[in-house]
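Report on the following structure.
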Amino acid sequence: MSATTHSLEEIFQAKIDADVRIEPKDWMPDAYRKTLVRQISQHAHSEIVGMLPESNWVTRAPSLKRKAILLAKVQDEGGHGLYLYAAAETLGVSRDELLDALHSGRAKYSSIFNYPTLNWADVGVIGWLVDGAAIMNQVPLCRCSYGPYARAMVRVCKEESFHQRQGFDALNVMMTQGTPEQRDMVQDAVNRWWWPSLMMFGPPDAESTHSTQSMRWGIKRISNDDLRQKFIDATVEQARVLGVALPDPDLKWNEARQSYDHGPIDWSEFWNVVNGHGPCNRERLADRVKAWDDGAWVREAALAHERKKQLRAKAA
Amino acid sequence: MSTKNEWPLWEVFVRSKSGLDHKHCGSLHASDSAMALQMARDVYTRRQEGASVWVVRSDQIVASDPDTKDMFFEPAEDKVYRHPTFYKLPADVDHM
């Protein structure tokens, strides 16, 4: 028996090494399945919790144009959550189980959404930096070894690039046409979101617990630190064009590495937020649970309506 | 955790424009076919990706078994004469 399992695992790894995608009904090691369920569902949770800080500004957006854009973006995030939940469900977990894990606090979502959106510039900075970092993380996932996850990510990435652009555009309008107060608002938002955005790439490679195995399984393609560096290198130039300062005195070009050096990241803040003590952890989860509970009667009524139709069709 | 109160799962197929096939693009939960169609439109065609949508209950799909894939598809493997490249033609008519 163990010899058979061994060879199944060898066949599986050989497929991964040959860049053949794994599909839902293919044999896969339990640990691979578990890792994917954890990662894809965390990703899905992040998409729908990510709607909360932004929805705060739907009614407060400064113009009809900005409101329409923000609504479209929030709707996209809901769609992205759906693609990802559907990908996770192909691994044999139910949507209800996944949502229950989120609502009971057992499952995590991206810590970035536990920070508050205090002013309108925060919405722009979320698009520019937070979605920018998300895209950097997500593009390599389009080549993930698990087919349904990779296909969901292709769809997400296609839609996500407008999110980053609209954020940059909103900030650029404030910087070029705004009052000094509005420009200060942008700088203040950048100061607050810069470090949390860098933390979105996860702990440093040396301390990242899941990285090595995920790389071997073709779930992860590029290391946390490498992605973070790519993001910093791309963002410094954008900040210069925008006319904002990035709040890191140690940020400077390193000619030898052809990359920017940056100051130390405060990982104690990261772990503090991951472990539930960020500024908005409780509020976000409470909002999610309330939305789910308030919607219960709609879900039940829709099912009852369908059952009634079926009975009527049978009787006729 | 019970799943009996979950809305059933539907597979979504979208034809991106007339003349092309409907292509599988994902799945969603909906209580009935009308809702499944509307949600498929909202989720999968927000940027004019579709000219037509099909939805079908996932439990109605019959699929081949990946474990018997080799046996199932093997009969076609040794019939190379079904491909035009099997036939070597004189150089003069090689564009046939």
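What the table below lists for this structure:
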| quantity | calculated |
| --- | --- |
| Pairs with Cβ under 7 Å, 6+ apart, first in segment A:283-305 and surrounded by 14 or more Cβ atoms within 10 Å (Cβ to Cβ), second modelled with pLDDT of 95 or more and of a type in the set (Ser, Thr, Tyr) | A:Ala302/B:Ser31; A:Leu303/B:Ser31 |
| Checking B:Phe13 against (1) surrounded by fewer than 14 Cβ atoms within 10 Å (Cβ to Cβ); (2) more than 12 Å from every other protein chain (Cβ to nearest Cβ), the condition it does not meet | (1) |
| Some residue of segment A:132-148 being within 11 Å of chain B (Cβ to nearest Cβ) and closer than 24 Å to B:Lys23 by Cα | yes |
| Helices (runs of 4 or more DSSP H) within segment A:117-187 that include 2 or more residues open to solvent by 60 Å² or more (accessible area, probe 1.4 Å) and out of contact with any Asp or Glu (no Cβ under 7 Å at 6 or more places or on another chain) | A:147-177 |
| Failed condition for A:Val273, given (1) open to solvent by less than 70 Å² (accessible area, probe 1.4 Å); (2) assigned to a loop (DSSP other than H, G, I, E, B) | (2) |
| Sole residue being in contact with a Phe, Trp or Tyr (Cβ under 9 Å, 6 or more places away or on another chain) and modelled with pLDDT under 95, chosen from A:Glu207, A:Glu160 | A:Glu207 |
| Among (1) in a strand (DSSP E or B); (2) open to solvent by 40 Å² or more (accessible area, probe 1.4 Å), the one test that B:Ser27 misses | (2) |
| Unmet criterion (only one of (1) assigned to a helix (DSSP H, G or I); (2) surrounded by 10 or more Cβ atoms within 10 Å (Cβ to Cβ); (3) within 13 Å of another protein chain (Cβ to nearest Cβ)) for B:Leu37 | (3) |
| Residue list for segment B:40-66, filter: more than 10 Å from chain A (Cβ to nearest Cβ), touching a residue at least 12 places away in the same chain (Cβ under 8 Å) and outside any loop (DSSP other than H, G, I, E, B) | B:Ala40, B:Arg41, B:Ser52, B:Val53, B:Trp54, B:Val55, B:Val56, B:Arg57, B:Asp59 |
| Enumeration of residues in segment A:90-107 that are facing chain B (nearest Cβ under 9 Å) and touching a Gly at 6+ places or on another chain (Cβ under 9 Å) | A:Thr90 |
| Residues (of a type in the set (Val, Ile, Thr) and either over 27 Å from A:Met185 (Cβ atoms) or not in a helix (DSSP H, G or I) (or both)) located in segment A:91-116 | A:Val93 |
| Any hit, segment A:67-83, residues being of a type in the set (A, V, I, L, M, F, W, C), within 14 Å of another protein chain (Cβ to nearest Cβ) and exposed (fewer than 15 other Cβ atoms within 10 Å of the Cβ) | yes |
| Residue list for segment A:270-316, filter: away from chain B (no Cβ under 14 Å) and more than 30 Å from the chain's Cα centre (by Cα) | A:Lys314, A:Ala315, A:Ala316 |
| Out of A:Ala86, A:Ala101, A:Ala107, sole residue that is in contact with a strand residue (DSSP E or B) (Cβ under 6 Å, 6 or more places away or on another chain) and closer than 11 Å to A:Ser41 by Cα | A:Ala86 |
| Members of segment A:250-265 that are of a type in the set (A, V, I, L, M) and closer than 16 Å to A:Lys230 by Cβ | A:Leu251, A:Ile265 |
| Breaking point among (1) within 25 Å of A:Thr117 (Cβ to Cβ); (2) part of a helix (DSSP H, G or I); (3) open to solvent by less than 40 Å² (accessible area, probe 1.4 Å), for A:Leu246 | (2) |
| Hits in segment B:52-96 - residues which are open to solvent by 70 Å² or more (accessible area, probe 1.4 Å) and under 30 Å from A:Glu159 (Cα atoms) | B:Trp54, B:Arg57, B:Asp59, B:Ile61 |
| Of all residues in segment A:25-56 being assigned to a loop (DSSP other than H, G, I, E, B) and modelled with pLDDT of 95 or more, the one that is farthest from B:Ser58 (Cα to Cα) | A:Gly50 |
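The values are calculated or read from the model by the stated rules, or taken from the named source; none is laboratory data. Predicted, not measured: the structure shown is a model, and the values here were computed from it. Heads up, the Cβs are rebuilt from the backbone with ideal geometry, glycines too, and the neighbour counts pull from every protein chain shown. For the accessible areas, the whole protein counts, side chains as well, though only heavy atoms, and no ligand, DNA or RNA atoms are used. Shrake-Rupley method; radii C 1.70, N 1.55, O 1.52, S 1.80 Å.
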